[in-house]
Amino acid sequence: MPPPLPDSGLDALMAPAEDSTPDVVDHVALARLYGEPLFAIPQDLYIPPDALEVFLEAFEGPLDLLLYLIRKQNFNVLDIPMAEVTAQYLAYVEQVRRSNLELAGEYLLMAALLIEIKSRMLLPVRQSDSGEEVEDPRAELVRRLLEYERMKLAARRLDEMPRVGRDFLVAHAEADFEVARLLPEVSPDDLREAWAAIMHRARLNASHRITREQLSVRDHMSHILRRLSDVRFMEFTELFLERIRMGEPAAVIVVHFLALLELARESLLEITQAAPYAPLYVRLSYTRSA
């Protein structure tokens, strides 16, 4: 067992300690003053009349206020009771003017318009010079109210649509995985088709050499003149058949024909025909001296 405490130590333990906890829990207190809770309103407390002022701007403008007054009392927009609506409107504007003069400016402009419409409706109705009915003074105001109401309803429908960041969030996920690349298997058929494609391309890659053959038009012109000097006429085809029988290539026949044309151009020979579609004959255009 522990030894008994001395009298002085026992008296210290039995003495009541100073308790800093308040008698009432803190969340029940009305307020805290310099850190101390207040559980009752002081009797000598003075609250200035303008110490706290709450002003809720529930309307976005004069048209919004007018539309609220009309819809709240189920008035017909096409037949607005101007006297009653103007009185309610002016009462609200007076409250706004007391607290916020800058805000009351646009409301005062609408108030002037309402008073003008009300005054015009009090005047007797007169027919126009053309005999047509005078337009209702409220027509322009009604048009503006209906247009504003349509825009307000459209804005409300747009605001009710789901919006990213307000109604839902776009999910983003990152895939952390590694994809192994698999090479395709090669079969003997694939190798055979690849080799056939290579051989096909090799056959298309053919080459040939072009050699220049020395052919002289002047030499062929001299040959034609010598050939025609021994005969009076010669058939056109016979002049070329001699070259063909000798096995001359096509290039030589072409040069032989060009030589014939060149002689005809220089008027050294004539090409004649007895009748249409008859054989052509070639002869010298001059008589060679003996």
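The values are calculated or read from the model by the stated rules, or taken from the named source; none is laboratory data. In this text, all values refer to a predicted model and were calculated from it rather than measured experimentally. Counting neighbours? That spans all protein chains shown, and the Cβs are built from the backbone with ideal geometry, glycine included. The area values use the complete protein model at the heavy-atom level, side chains included, leaving out ligands, DNA and RNA. Shrake-Rupley method; radii C 1.70, N 1.55, O 1.52, S 1.80 Å.
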#### Entry: Extension reserve of the Leu109-Thr272 stretch, reckoned as 0.36 nm per residue once the Cα distance is removed
47.5 nm
#### Entry: Residue-wise HN-Hα coupling along region 273-283, computed from phi with Karplus coefficients 6.51, -1.76, 1.60 (Hz; x: Gly, Pro)
8, 6, 8, x, 6, 7, x, 8, 10, 10, 8
### Query
In the neighborhood of Asp167, defined by Cβ-to-Cβ distances under 14 Å, what is the net charge if each Lys or Arg adds +1 and each Asp or Glu adds -1?
0
## Note on the structure
accessible surface per residue for region 198-290, probe 1.4 Å, DNA/RNA/ligands not counted, whole Å² -> 78 Å²
### Query
Which order do peptides 113-124, 60-71 fall in by mean Cβ count within 10 Å, highest first?
60-71, 113-124
### Task
For a quick protection proxy, order the peptides 135-144, 175-184, 251-260 by their average other-Cβ count within 10 Å, most packed first.
251-260, 135-144, 175-184
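Highest first, please rank the peptides 241-248, 224-231 by the mean number of other Cβ atoms sitting within 10 Å of their residues.
Ranking the peptides 241-248, 224-231 by packing returns 224-231, 241-248.
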### Query
At a probe size of 1.4 Å, how large is the accessible area of His208, to the nearest 10 Å²?
150 Å²
## Note on the structure
Long-range share for region 138-197, i.e. C-alpha pairs more than 19 Å apart as a percent of all pairs, stands at 72 percent
